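Asks: What follows is a structure written as structure tokens; I'll ask about it next.
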Amino acid sequence: MRQKIVAGNWKMNKTLDEALALASEVSNMVKDEVNTDVQVILAPSFISLTAVGKLIEGQKRLALAAQNCHHKTSGAYTGEVSVDMLKSVGVSFVIIGHSERRMYFNETNEQLAEKTNLLLQNNIWPIFCCGESLEQREKGIHIDFVKQQLTESLFHLDTNQLQKVVIAYEPIWAIGTGKTASTEQAQEMHEVIRKHIASKYGEAAAAEVSILYGGSCNPTNAPELFACKDVDGGLIGGASLKSRDFVSIVKSFSE
Ligand code: PGA
């Protein structure tokens, strides 16, 4: 059965001390309150990765993620962070292709294919984000757009590699806006994604891939979203900055 996952994307928030305080609260609550087999992932800024990694080291259910990596191995890329640097501080997941990075930093599907390859070579799981804009949804091209994102960045992988990718469907119009996708909209797109993967890799492989929902997910809407057949958890932005809200979301899976 595929892994249930809740990942907190802290984005450009929290100083080092604040990040440590939040990680420590989440870690304690997860230890005391979470009995389900859910993988909880924290994605602080690069600055806080090492310290947060040390704090959660050895904690059952908690793993460390970065919010980005560079698509080249090393070299003259001032200001960038490589995959093996991330590996050296205990990162086991990296969020790639977030819509904010595609939008503000012009990340392309081709670069994301390179990032995916580098991460998998280093035994780090990519959390690959995809999702359409409101305009694309209104024009009715959202399904083709998301399929194309997957095809262009992931479909060069072999089956074994593909099963080490986590997908996060994040409709851009739902991110940070307070507008969540309805359960019907989320389930529809998650099913589209799984069927698209199945069309290339077969149903058995597609059934093993965790597909997370992201976009204004909160403790109130998480239970119904996570109850959808093809929704395996969430990528949480705003609500991951408050330990109680985040851990409530972690506890939103029905047994
Ligand atoms: P949000 O962000 O939960 O604040 O909408 C989600 C994300 O961008 O990953």
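Asks: In segment 234-252, what count of residues is obtained for those that are surrounded by 20 or more Cβ atoms within 10 Å (Cβ to Cβ) and more than 9 Å from the ligand (Cβ to nearest atom)?
Replies: 5
Asks: Among (1) under 28 Å from S82 (Cβ atoms); (2) buried (at least 18 other Cβ atoms within 10 Å of the Cβ), there is one condition T159 misses while meeting the rest; what is its number?
Replies: (2)
Asks: Which one of these is in contact with a strand residue (DSSP E or B) (Cβ under 7 Å, 6 or more places away or on another chain) and assigned to a strand (DSSP E or B): V30, V94, V26?
Replies: Within the list V30, V94, V26, the selection yields V94.
Asks: Next up: For the subset of segment 170-188 comprising residues that are among the charged types (D, E, K, R) and part of a loop (DSSP other than H, G, I, E, B), which member is farthest from the ligand (Cβ to nearest atom)? Before you say what the answer is, go through the steps one by one.
Replies: Initial filter on segment 170-188 (among the charged types (D, E, K, R)): 170, 179, 184, 188.
From what's left, part of a loop (DSSP other than H, G, I, E, B): 170, 179.
Details: E170: 6, K179: 9 Å.
In this case the residue turns out to be K179.
Asks: Also, I was wondering about something else. May I ask you to say which residue of L119, L112 is buried (at least 20 other Cβ atoms within 10 Å of the Cβ), touching a residue at least 40 places away in the same chain (Cβ under 8 Å) and within 16 Å of the ligand (Cβ to nearest atom)?
Replies: So the residue among L119, L112 that is buried (at least 20 other Cβ atoms within 10 Å of the Cβ), touching a residue at least 40 places away in the same chain (Cβ under 8 Å) and within 16 Å of the ligand (Cβ to nearest atom) is L112.
Asks: Taking N35, is it without any contact (Cβ under 8 Å) to a residue 24 or more places away in the chain, farther than 21 Å from G176 by Cβ and part of a helix (DSSP H, G or I)?
Replies: No.
Asks: Could you please let me know if A204 is assigned to a helix (DSSP H, G or I) and surrounded by fewer than 19 Cβ atoms within 10 Å (Cβ to Cβ)? First the steps, then the outcome.
Replies: Values: assigned to a helix (DSSP H, G or I): yes; surrounded by fewer than 19 Cβ atoms within 10 Å (Cβ to Cβ): yes.
When the stated conditions are applied, A204 passes them.
Asks: Okay, next question. If you take the residues of segment 117-144 that are part of a helix (DSSP H, G or I) and within 20 Å of the chain's Cα centre (by Cα), which of them is farthest from E100 (Cα to Cα)? Before the answer, list the steps.
Replies: Of all residues in segment 117-144, those part of a helix (DSSP H, G or I) come to 117-121, 134-139, 142-144.
With the extra rule that they be within 20 Å of the chain's Cα centre (by Cα), the set shrinks to 117-121, 142-143.
Values: N117: 21, L118: 21, L119: 20, L120: 23, Q121: 25, H142: 18, I143: 20 Å.
For segment 117-144, the residue satisfying everything is Q121.
Asks: Take E100 and decide whether it is in a helix (DSSP H, G or I), among the acidic types (D, E) and modelled with pLDDT of 95 or more.
Replies: When the stated conditions are applied, E100 passes them.
Asks: Here are some residues: E25, E18, E33. Which one is surrounded by fewer than 21 Cβ atoms within 10 Å (Cβ to Cβ), farther than 22 Å from G233 by Cα and not aromatic (F, W, Y)?
Replies: None of the others qualify; the one that does is E18.
Asks: Does E191 fit the bill of being in contact with a Cys (Cβ under 7 Å, 6 or more places away or on another chain) and in contact (Cβ under 8 Å) with a residue 24 or more places away in the chain?
Replies: When the stated conditions are applied, E191 does not pass them.
Asks: Look through Q163, Q67 and report the one residue that is of a type outside the set (S, T, Y), within 17 Å of the chain's Cα centre (by Cα) and within 16 Å of the ligand (Cβ to nearest atom). Write out each step before concluding.
Replies: Details: Q163 fails: within 16 Å of the ligand (Cβ to nearest atom).
Going through Q163, Q67 in turn, the sole match is Q67.
Asks: Something else: Tell me yes or no: at least one residue of segment 199-209 is polar (S, T, N, Q) and either in contact with a strand residue (DSSP E or B) (Cβ under 8 Å, 6 or more places away or on another chain) or within 15 Å of the ligand (Cβ to nearest atom) (or both).
Replies: no
Asks: From the list L64, L119, L112, exactly one residue is farther than 21 Å from V6 by Cα and touching a helix residue (DSSP H, G or I) at 6+ places or on another chain (Cβ under 7 Å). Which is it?
Replies: Only one candidate passes the filter, namely L112.
Asks: Another question, then. Given the conditions (1) in contact with a strand residue (DSSP E or B) (Cβ under 9 Å, 6 or more places away or on another chain); (2) within 20 Å of G233 (Cβ to Cβ), and given that K60 satisfies all but one, which numbered condition is not satisfied?
Replies: Among (1) in contact with a strand residue (DSSP E or B) (Cβ under 9 Å, 6 or more places away or on another chain); (2) within 20 Å of G233 (Cβ to Cβ), K60 violates only (1).
Asks: Let me ask you something else. Among the numbered criteria (1) buried (at least 22 other Cβ atoms within 10 Å of the Cβ); (2) part of a loop (DSSP other than H, G, I, E, B), which one does Y213 miss?
Replies: Answer for Y213: the failing condition is (2).
Asks: Tell me, yes or no, whether segment 218-233 has at least one residue that is within 22 Å of P44 (Cα to Cα), modelled with pLDDT of 95 or more and surrounded by fewer than 20 Cβ atoms within 10 Å (Cβ to Cβ).
Replies: Within segment 218-233 (the criterion being within 22 Å of P44 (Cα to Cα), modelled with pLDDT of 95 or more and surrounded by fewer than 20 Cβ atoms within 10 Å (Cβ to Cβ)), the answer is yes, since at least one residue qualifies.
Asks: Pairs under 8 Å by beta carbon, first residue without any contact (Cβ under 8 Å) to a residue 60 or more places away in the chain in segment 147-164, partner of a type in the set (K, R), six or more apart or different chains?
Replies: F155/K200
The values are calculated or read from the model by the stated rules, or taken from the named source; none is laboratory data. From a predicted model like this one, the values you see are computed outputs, not experimental measurements. Glycine also receives a Cβ, built like all others from the backbone with ideal geometry; neighbour counts cover every protein chain displayed.
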